[in-house]
1. Can you tell me which residues in the stretch 396-409 are within 20 Å of the chain's Cα centre (by Cα) and within 14 Å of Gly437 (Cα to Cα)?
2. Quick test of your reading of the structure: Ala167 fulfils all but one of (1) in contact with a strand residue (DSSP E or B) (Cβ under 6 Å, 6 or more places away or on another chain); (2) surrounded by fewer than 20 Cβ atoms within 10 Å (Cβ to Cβ); (3) in contact (Cβ under 8 Å) with a residue 40 or more places away in the chain. Name the failing condition by number.
3. Run down Asp456, Asp442 and say which single residue is of a type in the set (Asp, Glu), over 30 Å from Tyr526 (Cα atoms) and surrounded by 15 or more Cβ atoms within 10 Å (Cβ to Cβ).
4. Return the total of residues in the stretch 365-400 being more than 17 Å from Ile451 (Cα to Cα) and in contact (Cβ under 8 Å) with a residue 40 or more places away in the chain.
5. With a cut-off of at least 2 residues that are of a type in the set (A, V, I, L, M) and assigned by TED's automatic domain parsing to the domain that holds Asp237, name the strands (runs of 3 or more DSSP E) lying wholly within the stretch 302-394.
6. Please go through (1) in contact with a helix residue (DSSP H, G or I) (Cβ under 9 Å, 6 or more places away or on another chain); (2) in the same structural domain as Glu539 (by TED's automatic domain parsing); (3) without any contact (Cβ under 8 Å) to a residue 40 or more places away in the chain for Gly507 and return the number of the only condition it doesn't satisfy.
7. I'd like to check which helices (runs of 4 or more DSSP H) are fully inside the stretch 484-593 and have at least 1 residues that are within 26 Å of Lys128 (Cα to Cα).
8. Restricting attention to the stretch 117-130, does a residue exist that is without any contact (Cβ under 8 Å) to a residue 40 or more places away in the chain and either assigned by TED's automatic domain parsing to the domain that holds Asp182 or outside any helix (DSSP H, G or I) (or both)?
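The values are calculated or read from the model by the stated rules, or taken from the named source; none is laboratory data. Everything quoted here is computed from the prediction, not taken from an experiment. Here Cβ is always computed from backbone atoms with ideal geometry, including for glycine, and neighbour counts include all displayed protein chains.
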Amino acid sequence: MVTKNNNNTHSWLDVSGAALKMLPRMPNFLRGVWQLSRPKKTDYGSTASLLQQQAAKQPDAVFLHYHEQRFTYGEFNAWSNQLARRLQAAGIKKGDCVAVMMGNCPQLLACVFAINKLGAIAGMMNYKQRGAVLEHSFHIINAKLLIYSADCKEALDSCSLDDSIEAYEYPQLHAESLDLADTNLAETDTIQLGDVCYYVFTSGTTGMPKSAALTHLRWFKAGIAFGNMSMALKPRDIQYCAMPLYHNTALSVSVSTAIRSGSSVVLADRFSASQFWDDIRRYRCTCFIYVGEICRFLLNQPEQLSDRDHHVRVILGNGLRAEIWDAFQQRFGIKRICELYGASEGNVGFVNAFNLRRTVGFSPMTYAIVKFDIDTECPIVDANGHMQRVKKGEIGLLITAVTEKAPFDGYTNNPAANNAKLMRHVFTHGDCWFNSGDLVRDQGFRHIAFIDRVGDTFRWKAENVATTEVEAQIQSFSDVLEAVVYGVEVPNTDGRAGMASLILAHGKKFNPITFYQHIKHHLPDYAVPLFVRLGDHHEVTGTFKIKKNELKQQGFKPLHEHDAIYVLMDRTLGYQRLDDTILTAIEQGQVRF
């Protein structure tokens, strides 16, 4: 059972003090709560219609900054309309899926809105995927058409696309759209908020990637909850986004909050710790979105006299670890940190709207935190078979009520996975709850703190890593007889680093160079284990399940002098043997992964 832990809880004084500071914003906050309660799945509206409204309201206001380029709301809307008509000519209609595979660029966003204008679904392909994983991703979304950029050609060549998918490199699609009308399309007015707008890929808890279906309603509510209620964005605000657009934080948080408020987005190609604050100053940004890794990387940069030389007043994101929260806020002078919590496939969100410290905030929706047994990885039930809520300060499994106003949209073409995420008869006969798969602490006053993922999946580099997927790829290496993959804590890092415990085939010797060359070809960078432990057997339970928890507890430290552990510190060299010197450097935070 998860035991009580009072660290990082908040007293009434903390919450009431923050509420007093929020009084000037309270009318806007309460208006947001009211707005969240009103929209229904059957209402007409969409991502595209909201873009069109802003284009009509302020056509000359800048929507997007990209390097030296500027796109006004009017220009961007017209551009998307032309692309939509070209897709329509290719036969794309409401409900169809169009896969989009590009790095961060305005062209990607224009294509996404063009797809949505037709009532079609944008399949946001993770360009870091390769081979069978990428092939699987294409298969589950059943895309009719693919739009890609030249820099993704190598990834596409690593898999076999279905012959039914028509592929366009973006310049071709653009050239064929230039002579088409740039006015709004009638089809956009027929879209309902409950229709699906995006497929976003997630590792889920086991196996190959899953596709979470995101509706226009989810996107619409994100703009209200995060943009209006939490960040209080105004048209004059300029938001910096260095997250990949296939990531839900960028697509459904950054873009939705900007368009909802009529403000601007600065889109970066990728995150760069050394360039980050220069960009913030260059574009005079007033806010940015983050994941915990971004904050840690920025904090690890050498201190500069210009650390507080910026106009940022508020930031929003997820994964800012409690142990670096204060240091990050103080060093860079960030007045408001709107930490949030949500899952792509989930039906509830939390946000730190009251500007407290070390919390993912509160949610007005119906949720519960129930007692959970870590060893069995199951909720603890009472004599009647019902789950039990934890007390304030305790840790448990987060579950959320599935209702008409908080529906479970689920995974794409995966009924088994959808059923596995739902719990029934939790507190009363016939009720239905979504299993978040996350352990959280009840901080009181409807606030929670994220603790960890349940089961095998762990987070690293802001990505969920499914251990079964990594194990499968490692075991395709002929020298490996058995592989067990799990996450281990590493000092001065966020999330958990991947570690593989290997049993080699009889007569085989571990070759760290060829092993690394094999797995890096089959796995995204974030999924490649940083540590490898060699052994001659794995301990199993009476039902022949490997005791993975024991391996997790061992971590990456050698248990005996003869333990063979390898570490990936330099990807140009591959794995090298972990010795006392390297171990000390890692423990003292001198090694950056």
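1. The answer is Leu397, Leu398, Ile399, Thr400.
2. (3)
3. Within the list Asp456, Asp442, the selection yields Asp442.
4. Final tally of qualifying residues: 6.
5. Correct list: 314-318, 336-342.
6. Single failed check for Gly507: (1).
7. 512-522
8. For the stretch 117-130, residues without any contact (Cβ under 8 Å) to a residue 40 or more places away in the chain and either assigned by TED's automatic domain parsing to the domain that holds Asp182 or outside any helix (DSSP H, G or I) (or both): present.
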